[in-house]
Amino acid sequence: QVPLVESGGGLVQPGGSLRLSCAASGRVSPADPMGWYRQPPGEEERFLVARVFGDGRTDYVDSVKGRFTVSRDNRKNMVYLQMNSLRLEDTAVYYCYYLSDQHYWGQGTQVTVSS
């Protein structure tokens, strides 16, 4: 088991910034990918937002490129998502994930972008 705990969500105005953090514990390997999904209101599915691989490569969905930055601290087993220039459509529950033998998920943190 790999428990994941997110923090940092909240309410922000369009154009604002938020930083999400996720702490992993248990059997965590720096070689395995970690990242973030989100589930917008009314959607049943979660969608990949950003991820960082064991070799440091990052990957982003097109809609957040240039605005979001995913990073990782392997010494602390932490993954972060810096979100800048937030838009109304970024409103969602954001889930941290860790992928090894299976997907492990955090409990989710709400991000609301509203004026």
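The values are calculated or read from the model by the stated rules, or taken from the named source; none is laboratory data. Please read all numbers here as calculations on a predicted model, not as lab measurements. To get the accessible areas, we keep the full protein, side chains included, count just its heavy atoms, and leave off ligands, DNA and RNA. Shrake-Rupley method; radii C 1.70, N 1.55, O 1.52, S 1.80 Å.
Subtracting the Cα-Cα distance from 0.36 nm times the residue separation, let me have the gained length for S17 to Q102 in nm, one decimal. Using 0.36 nm per residue and subtracting the Cα-Cα distance, I get 27.5 nm. Annotation: S100 carries an accessible surface of approximately 50 Å², with a 1.4 Å probe and no ligand, DNA or RNA atoms counted. With contacts taken as Cα pairs under 8 Å at a separation of at least 6 residues, the chain carries a relative contact order of 37 percent.
Full extension of the chain between S25 and E45 yields a length gain of 4.6 nm, computed as 0.36 nm times the residue separation minus the alpha carbon distance. Residues in the chain average 53 Å² of solvent-accessible surface per residue, probe 1.4 Å, ligands and nucleic acids excluded. Ranked from largest to smallest solvent-accessible area, with a 1.4 Å probe on the protein heavy atoms, R72, R19, R46 come out as R19, R46, R72.
Listed values for the range 77-87 are Karplus-derived 3J(HN,Hα) couplings in whole Hz (6.51 cos²θ - 1.76 cosθ + 1.60, θ = phi - 60°), namely 6, 10, 10, 10, 9, 8, 10, 10, 6, 5, 10, and x replaces Gly and Pro.
Overall, the accessible surface of the chain at a probe of 1.4 angstrom is composed of carbon and sulfur to the extent of 46 percent. Extension gain, R67 to S115: 0.36 nm times the residue separation minus the Cα-Cα distance gives 15.4 nm. Amide H contacts for G16 (H built 1.01 Å from N in the peptide plane; partners 5 or more residues away or on another chain; cut-off under 5 Å): L86.
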